[in-house]
Amino acid sequence: LLLRAYLQTILTWWVARGRPALNIKSFMTSTPTEPASTDKKPISNPFLPIIQSTIVHPDDHLPKIQRAFAHYSTLFGAKPAGYHKDTELEDAELLDGSLFVRAAVLT
């Protein structure tokens, strides 16, 4: 009986909260496309310092997600802004190939 009431409460909260809004414009304007660096030289591959820093990280899942971001960046990183303009997602025309680099920098 207690478990059933708990399940009903959790489901009610889950439905009532809904999902958070996906603010693409804010994400694309506020996130960097290159990792923070002390070097003044431009970086030819932004994933190189990201992957190098995750090698020594104690969490084994971080290198996996960074490798996945790098892989999908090679597959879809050349997509220009406006490629997804015909979708129903608001501000989808702002998405470009830098999405995976931006997500990798944030992780």
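Every number in this text was worked out from the coordinates using simple rules, so none of it is lab data. Note that the structure is a prediction, hence the values are computed from the model and not measured. Here the Cβ positions follow ideal geometry from the backbone for every residue, glycine too, while neighbour counts run over all protein chains shown.
Determine the relative contact order of the chain: mean sequence separation of Cα pairs under 8 Å and six or more apart, normalised by residue count, in whole percent.
Dividing the mean separation by the residue count of the chain yields 30 percent.
Exposed loop sites here are trypsin sites (Lys or Arg not before Pro) in DSSP loop states with at most 14 other C-beta atoms within 10 Å. What is the longest stretch of the chain lacking them?
41-84
Working from the pairwise distances between different alpha carbons, so that the mean of 1/r is found and then inverted, what is the chain's Kirkwood radius in Å? Could the numbers behind the result be given before it?
On the way: mean 1/r = 0.0602 Å⁻¹.
Kirkwood radius, the chain: 16.6 Å.
Calculated FRET efficiency, S30 and I55, Cβ-Cβ r, R0 41 Å, to nearest 0.05?
E between S30 and I55, to the nearest 0.05, is 0.90.
Pull up the cross-link candidates among the lysines for K25, meaning alpha carbon to alpha carbon under 18 Å and not fewer than 8 places away within one chain.
Partners found: K79, K85.
Zone of L22 (label point 7 Å along Cα→Cβ, backbone N under 18 Å): which residues in the stretch 62-92?
69, 72-73, 76-77, 79-92
Run through the stretch 1-90 and list the chymotrypsin sites (Phe, Trp or Tyr not before Pro) located in a DSSP loop whose Cβ has at most 15 other Cβ atoms within 10 Å.
Y83
Relative to the longest principal axis of the C-alpha atoms of the chain, give the angle of the C-alpha long axis of helix 2-17, reported between 0 and 90° and rounded to the nearest 10°.
50 degrees
Apply the Karplus curve 6.51 cos²θ - 1.76 cosθ + 1.60, θ = phi - 60°, to the phi angles in the stretch 62-75 and return the couplings in whole Hz, x for Gly and Pro.
Per-residue couplings from phi come out as 5, x, 5, 5, 5, 5, 5, 4, 5, 5, 6, 5, 5, 7 Hz.
Report the label-to-label distance for K41 and L75 in nanometres (one decimal), using points 7 Å from each Cα along the Cα→Cβ vector.
3.2 nm
Given the DSSP H assignment, sum -39500 (n - 2.57) over each helix run of at least 4 residues in the chain and divide by its residue total; what's the result at 222 nm in deg cm²/dmol, nearest 500?
After summing the helix terms and dividing by residue count, I get -16000 deg cm²/dmol.
So how much slack lies between Q8 and L62, counting 0.36 nm per residue of separation and subtracting their Cα-Cα distance, in nm?
Contour length minus the Cα-Cα distance gives 16.0 nm.
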